[in-house]
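Notes follow the structure.
The values are calculated or read from the model by the stated rules, or taken from the named source; none is laboratory data. Keep in mind that this is a model prediction, so the values were computed, not measured. Cβ coordinates were reconstructed from backbone atoms using ideal geometry, including for glycine residues, and neighbour counts include every protein chain displayed. Remember, those area values only see protein heavy atoms, side chains included, never the ligands or the DNA or RNA. Shrake-Rupley method; radii C 1.70, N 1.55, O 1.52, S 1.80 Å.
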Amino acid sequence: MKKIILLGYMGCGKSTIAQNLSKITNIPFLDLDKCIEKKANLSINEIFEQFGEIHFRKLEHEIFVELLQSSEKSIIGLGGGTPCYANNHELLKSDDVTSVYLKASIETLYDRLVHNKSKRPLIANMNEEEMKEFIAKHLFDRSYYYNHAQHKVAVDNKTIEETVQDILEILA
Ligand SMILES: Nc1ncnc2c1ncn2[C@@H]1O[C@H](COP(=O)(O)OP(=O)(O)OP(=O)(O)O)[C@@H](O)[C@H]1O
Ligand SMILES: O=C(O)C1=C[C@@H](O)[C@@H](O)[C@H](O)C1
Ligand SMILES: [Mg+2]
């Protein structure tokens, strides 16, 4: 059964947009980060602290594959790094998948993340200057993987409703 996959950098709005899209379409929403937390019975921060990022990436891949194999129609919000590890980007082109990259600029991401970084272990301990530089470099490295999505939606200066509308047009 068809999966709608939203991907993109931390803070681009995957969880927010997926929740809103789910309300309008009545298609259930699954947040991969939340599924990982539920399965591990730990927060993402705790998984990183106690087991390290490599362990997190293994769990992330396993649970992503499980979600794709389930027979239910769903909207899946990926983690910010999901497409960039374990060849997950190749799964974005599967026949029963519609994948959408929510593309945000460095400025948009910085503005959204600067006051909201504590639950995001990769940036939690950075100051504002470090964060800006990190996002710029990291986004550049990751764009290769994000660009494997079947569709792209630019999110800068758009309301949640406008971005949802753009996705509904892709799905129509
Ligand atoms: N137009 C908008 N579209 C989406 N999110 C917006 C918008 N304006 C402000 N926001 C805020 O930006 C943040 C986006 O964070 P969200 O958790 O949805 O991103 P994410 O891509 O799921 O991040 P992560 O990869 O860390 O899980 C939220 O706090 C949301 O309220
Ligand atoms: O960008 C990333 O690598 C991450 C984003 C979050 O969604 C979480 O999956 C985790 O904090 C790692
Ligand atoms: Mg999220």
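Relative to the Cα centre, the charge distribution of the chain, modelled as +1 at Lys and Arg Cβ and -1 at Asp and Glu Cβ, gives a dipole magnitude of about 260 debye.
As a calculated quantity, the FRET efficiency between Ile170 and Glu49 at R0 = 25 Å, using C-beta atoms, amounts to about 0.10.
Projecting the alpha carbon convex hull of segment 69-127 along each direction and taking the average yields 5.5 nm². The Stokes-Einstein estimate for segment 121-172, based on a Kirkwood radius over Cα pairs and taken at 25 °C with 0.890 mPa s viscosity, is a diffusion coefficient of 183 µm²/s. The tail of the calculated P(r) for segment 1-115, taken as Cα-Cα distances beyond 24 Å, holds 24 percent of the pairs. In this structure, the residue pairs whose Cα-Cα separation is over 30 Å, taken from Lys73/Lys137; Lys38/Lys158; Lys39/Lys132; Lys39/Lys117; Lys2/Lys117; Lys117/Lys158, are Lys73/Lys137; Lys38/Lys158; Lys39/Lys132; Lys2/Lys117. Rounded, prolate or oblate for segment 31-172? Axes are the square roots of the Cα gyration tensor eigenvalues, ordered a ≥ b ≥ c, and the cut-off for rounded is a/c under 1.5. The shape class here is oblate.
Could you work out the relative contact order of the chain, using alpha carbon pairs under 8 angstrom and six or more residues apart, expressed as a whole percent?
Relative contact order of the chain: 34 percent.
Among the protein heavy atoms of the chain, carbon and sulfur supply 49% of the accessible surface, probe 1.4 Å, non-protein parts ignored.
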